[in-house]
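The values are calculated or read from the model by the stated rules, or taken from the named source; none is laboratory data. The shown structure was predicted, so the numbers you read here are calculated from the model rather than taken from an experiment. Note that we place each Cβ from the backbone using ideal geometry, even for glycine, and neighbour counts take in every protein chain shown.
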Amino acid sequence: MNTFDFIIVFGYLVMLLGLGYFFKEQKSKQDYFLGGREMGVFPLTLSTMATQLSAISFISAPAFVGLRPGGGMVWLSYEFAVPIAMLFLMVYVLPALYRSGVVSIYDFLEQRFGVGTRLLISVVFQVSRAFATGVTIYATALILNSVMGIDFMTSIAIIGVVTIIYSLQGGMKAVVWSDTIQMILIFFGVIVVGGFALYNLGGVDAFLANVDTTRLTVLRTDSFGFSGDEWGLMPMIFGGFVLYASYYGCDQTQAQRTLSAKSEATVRTILLANGLARFPIVFLYCTAGLILGTFAAMNPEFLSQIDPERPDTMVPLFIVNYLPHGIIGILVVALLAAAMSSLSSVVNSLSAVLIEDYVRLTGKELQQERYVFWSRVTVFFWGIVIVVLSIYAGDIAPTVIEAINKVGSVFYGPILAIFLLAILFKKVHSLGANVGLLTGVGVNVYMWLGAPHIFWLWWNFIGCVVTLSVALIISAIRHEESTAPPGLDQGVGHWFKHETIVLIGAFIGMLAIGALVPVIFG
């Protein structure tokens, strides 16, 4: 990087701090955590996608596709379940949460099962999300160290300090609009990296003539994920469905965005847009990774610079070695934007959960001004915790994107099951829900530590089924009265004909594209 690149990066950091200052007027918890419930489709849709399709996707998905042993375009199958999950949430989960008017979705669980369930699942969320975000910060610090030559610890400090400042000032509005900027920058970055890699390869014909055809298979119908095999079609659909339904509907970082929408119709539009728009973006990521992997195979000098133990370094090394100055600065900004918006989203959500938990435990209602003050204090607290965790987050999986999904897969299934029990099974009580949750998480931890032959994506589905089964059995054996929170009395949502046809069509179309990838690139 040269002076011009550093000026671009510095200018972006200043703009981000200015964004937080611009939105600093927060008068209530609705303002701070839900943006006053007045945000529209465009920023909320991009923000919802940005939290997951972020810096991690930019560097780690291409590394999986282009370099990781056993990887390839099969990563596309990770998207197959998204449209079905969005349709499921549209009908069964988010209408009840939106109507309840809660800030923390775990408040909804307290109204249904009691404070014990709320605190139990709240702790599960806070621990798992803080750790997963630490992995995200670790990945970005790795990039900054490779591209800019900044010390690893200094990189983490830069990300943490700037993000904490603008997050505690600007609340949810600053988070959503920074996410929107990030999504635009990352989309630009993927196109630029893929385009320059293709140019350095010698064009499309050279790429197609030299691509590794073993990396073109997307539909692995002969792999079921129970014998040490990975990325089979069945676990990708069943496990992926539970993962996405839980992530977008039962994870505070995502649900808080939909709760910020103007209306239920806006919520449906956000889910529909996510069900349709994610796949093309991920297809771009994967294609860029395939091109970069082909370029690395044809250029031993470039390949020798990539640490075999850290394939995630492929993208940042290509940026610094093959892209012109100015573009390098913009792409570093894209990576910073992605990491910082991910961190800001999480600290805002963790703060919402923690402060709401405190209010419930103490029984003291805070005045709005004090509520906003202590919300900012908890944002600062969680920012420091995640920065510390990020220092030790690099040794879980061959690529960072797998590490994050492994951590999440321990909890996503059981958490989704608890919300389904709360919304759909009115006779299930708190004891059944709590024991089911602990059993589901315990089974997943056992599979992680004691059954490595089971593909981690199955943990989502298995944990969900175990939690549901145990809760239903215990509630049938021991009868207790249960309560219904606001939002349930109106029932679940309805099947919307247009959205149903479009999302099911998108699911079928993704399968068809997956089957055609070997033909397209072969």
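A compact table of results
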{"item": "Subset of region 452-497 (residues that are at pLDDT below 75, surrounded by 17 or more Cβ atoms within 10 Å (Cβ to Cβ) and more than 19 Å from Phe113 (Cα to Cα))", "result": "Gly493"}
{"item": "Ser100 vs. criteria more than 22 Å from the chain's Cα centre (by Cα), more than 30 Å from Thr217 (Cβ to Cβ) and either at pLDDT 85 or above or of a type in the set (S, T, N, Q) (or both)", "result": "yes"}
{"item": "Selection count where residues are touching a residue at least 12 places away in the same chain (Cβ under 8 Å), of a type in the set (A, V, I, L, M, F, W, C), under 21 Å from Ile454 (Cα atoms) and touching a Gly at 6+ places or on another chain (Cβ under 8 Å), scope region 215-233", "result": "3"}
{"item": "Matching entry among Thr313, Thr287 (being hydroxyl-bearing (Ser, Thr, Tyr), at pLDDT 90 or above, surrounded by 19 or more Cβ atoms within 10 Å (Cβ to Cβ) and out of contact with any strand residue (DSSP E or B) (no Cβ under 9 Å at 6 or more places or on another chain))", "result": "Thr287"}
{"item": "Residue match in region 163-184 (condition: within 25 Å of Leu317 (Cβ to Cβ), surrounded by 24 or more Cβ atoms within 10 Å (Cβ to Cβ) and not β-branched (Val, Ile, Thr))", "result": "yes"}
{"item": "So Asp312, is it acidic (Asp, Glu), part of a helix (DSSP H, G or I) and in contact with a helix residue (DSSP H, G or I) (Cβ under 7 Å, 6 or more places away or on another chain)", "result": "yes"}
{"item": "Some residue of region 129-137 being part of a helix (DSSP H, G or I), small (Gly, Ala, Ser) and either touching a Pro at 6+ places or on another chain (Cβ under 6 Å) or modelled with pLDDT of 80 or more (or both)", "result": "yes"}
{"item": "Any hit, region 207-214, residues being out of contact with any Cys (no Cβ under 9 Å at 6 or more places or on another chain), outside any loop (DSSP other than H, G, I, E, B), under 17 Å from Phe318 (Cβ atoms) and touching a residue at least 60 places away in the same chain (Cβ under 8 Å)", "result": "yes"}
